[in-house]
Amino acid sequence: MTHLELRVAKPKPKDREFVDGAAVKYAERMTKAIAGLRSMLEGKQPALDAVEEPALTRSSGRFLTEPVKSGARG
C-alpha cells in the first residue's frame, strides 16, 4: 500500500483564499491521476482526455541557408 502525504505551511491570511482554491484543484487532479494509476495496475487502459495537437507547419528552410540574426548589435 502506498501512502501519499502533502504538507503545506499555514498560509498568511491574505493568501488563504488562493491556497484554498489551489488545494481544491490539486485534490481533483490527484484523484484523477490516482484513478488512472489504479486502472493501469489492474491491467485496464486509463481513460485519457483526447487532446488533438495542431499540425506542425513545414519550415521554409530559411534557417538552413542563412544565419540566424538577433536584434543585438555587436
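Overview of values
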{"read-out": "Residues of the range 41-74 that turn out to be surrounded by 10 or more Cβ atoms within 10 Å (Cβ to Cβ) and either out of contact with any helix residue (DSSP H, G or I) (no Cβ under 7 Å at 6 or more places or on another chain) or modelled with pLDDT of 65 or more (or both), as a count", "value": "2"}
{"read-out": "The range 12-40, residues that are hydrophobic (A, V, I, L, M, F, W, C) and open to solvent by 100 Å² or more (accessible area, probe 1.4 Å)", "value": "Phe18, Met40"}
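The values are calculated or read from the model by the stated rules, or taken from the named source; none is laboratory data. Because the structure is predicted, anything quoted here is derived from the model rather than measured. Please note: Cβ atoms are built from the backbone with ideal geometry, for glycine as well, and neighbour counts cover all protein chains shown. Surface accessibility is based on the protein's heavy atoms, side chains included, excluding ligands, DNA and RNA. Shrake-Rupley method; radii C 1.70, N 1.55, O 1.52, S 1.80 Å.
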